[in-house]
Amino acid sequence: MILGTAGHVDHGKTTLVRALTGVDTDRLPEEKRRGITIDLGFAPLVLDGIGQIGVVDVPGHDAFVRTMLAGATGIDLALVVVAADAGVMPQTREHLAILALLGVRIGVVAVTKCDLVDDDWLSLVDEDVDATIARSSLAGAAIVHVSTIAGTGLDVLRHALAAAAREVPVRTSADLFRLPVDRAFTVRGTGTVVTGTVWSGALERDAIVHLHPGDVPARVRSLQAHGVAVDSVRAGDRAAIALAGVDVNQVGRGTVLVQGDGWRMSRVIRGDVALLGDGATTLGPRSRVRFHLGTTETGARLVVRAGSLGPGDHATARIVLDEPVLARAGDHFVIRAASPVATLGGGVVTDPHAPHRARPWDSSAADAQIALDRFARESGAAGLAVSDLAVRLGVAPSRVAELTAAVALWKVGSRLLHADAREKLERIAVQELGQFHADFPLEPGASTQWLRSRTGASDEVSSAIVAGLVSAGVVELRQGLVARAGFEVSLSTGQHALRDQILRAIDAAGAEPPTTEELALALSAPVRIVDELVRVLAREGALVTVERDRHYSRQALTVLLGRMSNAMTVGGEYSPSQLREILGVSRKYLIPLLEFCDREGYTTRGGLGRRFVASKL
Ligand SMILES: Nc1nc2c(ncn2[C@@H]2O[C@H](COP(=O)(O)OP(=O)(O)OP(=O)(O)O)[C@@H](O)[C@H]2O)c(=O)[nH]1
Ligand SMILES: [Mg+2]
């Protein structure tokens, strides 16, 4: 469990953390010199009945709100600090707004430096703090008076923190592992070490993690949780991870460590956004903002349906990022203005892998079932990869099957298609086949590849569509060709006559038959029709295709094969010129004919010539 501090600069956050934990988290020389916190500080805190939790101490200075954001992300409870001599100040409000945007609902308020004010002043500050907290996401939080100088209120504060910690829901570790890195450094003898709060899942020593950006694999050499060496870390732990095979320059704040399928950087995401109610800014169409998610920060453009977004407005948005981010559905993000710097609002990711041209959703897709239905519809014939869904829906992998069943998706191999997409593909397939039969009435059916190209579906999906239509009795598969059920090739009287003429002409030509084009010329018929009828005859078995565009009559071929079997002795090898003698055909016909015989297994090729395979006849 992680506790994060929050509050205006100089209000006593770091001093209070030191009083509670004994650790001075301001470790940088510059922090010492200026007396302010610049970077995140970390300390372990032991609470009665809870055990050890991690504390992230954040800076309060307005120049370091982005650092505060990186520290506050992933915390379970907040310790909001307000100095009694100053009261509620701008970053008190901004930090409270950020906690709300990050979904932090549990916390304790410490009114510090109580030794500096009298009771009258303190009661005025109390009223202000009460009112401010009541309007925040921490409404109802305990408010405790403390003084680190006088040492008062610390026990009460510890009790209040323990009570708040008991409210924090237990996080499951049965989920995909993710840790946004907040620090990276080198430890002599250990190598590259990264630290961060485990957002989800668990990680064991020697496991392979992937670092984003870059999808760089690395082995977990050793692990610490809250400063103690351990074999595994889990959701809610402060972890230090030593990585083998990674240079410290490859990692830093903003790097994310993950395990499991479906993690993908994306430049376009969709989310539900809201602007803070007390801000004065209205965001116009395609406004530029700073986008903060986890410890990552980048520029972004926000596109909402209504065009612009005013204070207090909620909307569904498409967010186009300057740099791709690694997000998961359900992630909270914060948006800030670049200049003047200010927190504007934030929201929740509803599609971490939005298609390039994705429009904002019509309405919220924060519900995983609604989101799945929309993802599947949008993916059309391509469908969704099952392995992407735990990330894209923001649910544990164990819940994916239950959700896909609830949305009634059609499973094809490793992909899921929406029922509408299936219906559409079936409709296209049947329509296209109908058109095929109309265009080629003498063809018994279309090839499956042809049908696939018409539907635009993958091989896997196209085959499944055909199989579905076959079992529904709508189409038939014949010798690898697809046809509408009941379709038969039928020849008109004219076609019948032409067919017979073709057969006679080829038969008459014997060992040296004409090509399709020569036939068409001789019979004064269109090449296409002659070609189709030749293929009808080939399917019927009356003609045999010896080479493309040249067909022999079955009879002529039988005669030729008979000549070979009569003249060729078993085991003897015959050269092409000997075979020309035997067959009595000119060279132009001989080679294609011999190649046909090789293909069909009537002959085999040896070193000196061809042998006759008697068993084939
Ligand atoms: N009198 C008095 N001074 C305090 C108390 N707590 C903190 N201070 C002083 O207030 C100053 C600021 O304290 P910090 O703890 O550094 O404040 P901070 O909130 O961490 O400041 P940033 O991290 O820079 O935002 C220091 O000089 C502290 O000694 C207190 O209870 N009483
Ligand atoms: Mg500090």
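Observations on the model:
- Couplings for the stretch 347-358, taken from phi via the Karplus curve 6.51 cos²θ - 1.76 cosθ + 1.60 with θ = phi - 60°, read x, 10, 5, 10, 8, x, 10, 5, x, 3, 9, 3 Hz in order; Gly and Pro are left as x.
- When Rg and Dmax are taken over the Cα atoms of the stretch 509-617, they come to 14.9, 47 Å.
- The distance separating the Cα centre of the stretch 12-63 from that of the stretch 354-422 comes to 43 Å.
- Compared with the alpha-carbon gap, the fully stretched path from Ile143 to Ser398 is longer by 87.8 nm at 0.36 nm per residue.
- Take the chain with all the other protein chains still there, run a 1.4 Å probe, and you get 45 Å² of accessible area per residue.
- Percent carbon-and-sulfur accessible area, the stretch 309-408, ignoring ligands, DNA and RNA, probe 1.4 Å: 52 percent
- Distance between the pseudo-spin-label points of Glu512 and Ala337 (7 Å out from Cα toward the beta carbon): 9.3 nm.
- Accessible carbon and sulfur surface of the stretch 18-144 relative to its total accessible area, %, 1.4 Å: 50 percent
- Amide H contacts of Asp313 (H built 1.01 Å from N, under 5 Å, at least 5 apart or other chain): Leu275
- With 0.36 nm allotted per residue and the present C-alpha distance subtracted, the Ser453-Ser577 stretch has 40.0 nm of extension available.
- The alpha carbons of the stretch 535-584 occupy a box of 37, 18, 18 Å along the principal axes, longest dimension given first.
- Over the chain: helical MRE at 222 nm, DSSP H runs n ≥ 4 each giving -39500 (n - 2.57), nearest 500: -10500 deg cm²/dmol
- Note on the stretch 300-413: semi-axes of the ellipsoid equivalent to its C-alpha gyration tensor, largest first and rounded to whole Å, are 29, 14, 13.
- Heavy-atom accessible surface of the stretch 530-603: percent carbon and sulfur, 1.4 Å: 47 percent
- Which of Thr558, Thr455 is most accessible, then next, and so on - probe 1.4 Å: Thr558, Thr455
- Label zone at Val228 (point 7 Å along Cα-to-Cβ), backbone N below 20 Å, the stretch 34-72: 42-56
- Separation in nanometres of the label points that stand 7 Å from Cα toward Cβ, at Thr152 and Ile370: 5.1 nm
- Other residues whose C-beta falls under 12 angstrom from the C-beta of Gln52 contribute a net charge of -1, scoring Lys and Arg +1 and Asp and Glu -1.
- Across every pair of non-identical alpha carbons in the stretch 350-455, the mean reciprocal distance, once inverted, gives a Kirkwood radius of 15.5 Å.
- Across all directions, the average flat footprint of the convex hull enclosing the Cα atoms of the chain is 41.0 nm².
- Nonlocal Lys pairs with alpha-carbon distance under 22 Å, the chain (8 or more apart, or different chains): 4
- Calculated from backbone phi, Karplus (6.51, -1.76, 1.60) coupling profile of the stretch 316-330 in Hz, x at Gly/Pro: 8, 9, 10, 10, 9, 9, 5, 10, x, 10, 9, 10, 9, 4, x
- Annotation: amide H of Gly74 has no partner in the under-5 Å range at sequence separation 5 or more or interchain, hydrogens built in the peptide plane.
- Projecting the Cα atoms of Ser524, Val559, Leu491 onto the charge dipole of the stretch 466-560 (Cβ charges, centred on the Cα centre) puts Leu491 farthest toward the positive pole.
- Computed FRET value (nearest 0.05) for Asp48 with Val170, which takes r as the C-beta separation and R₀ as 25 Å: 0.85
- FRET efficiency estimate (nearest 0.05) - Cβ-Cβ, Asp261 to Val430, R0 41 angstrom: 0.70
- The convex hull built on the alpha-carbon positions of the stretch 129-266 has an orientation-averaged projected area of 11.7 nm².
- At an R0 of 51 angstrom, the distance between the Cβ atoms of Leu521 and Glu378 translates into a FRET efficiency of 0.40.
- Hypothetical label at Leu116: residues of the stretch 19-34 whose amide nitrogen lies under 17 Å (7 Å Cα-Cβ projection): 19, 34
The values are calculated or read from the model by the stated rules, or taken from the named source; none is laboratory data. Computed from a predicted structure; not experimentally measured. Glycine also receives a Cβ, built like all others from the backbone with ideal geometry; neighbour counts cover every protein chain displayed. Calculation scope for accessible area: heavy atoms of the full protein, side chains included, ligands and nucleic acids excluded. Shrake-Rupley method; radii C 1.70, N 1.55, O 1.52, S 1.80 Å.
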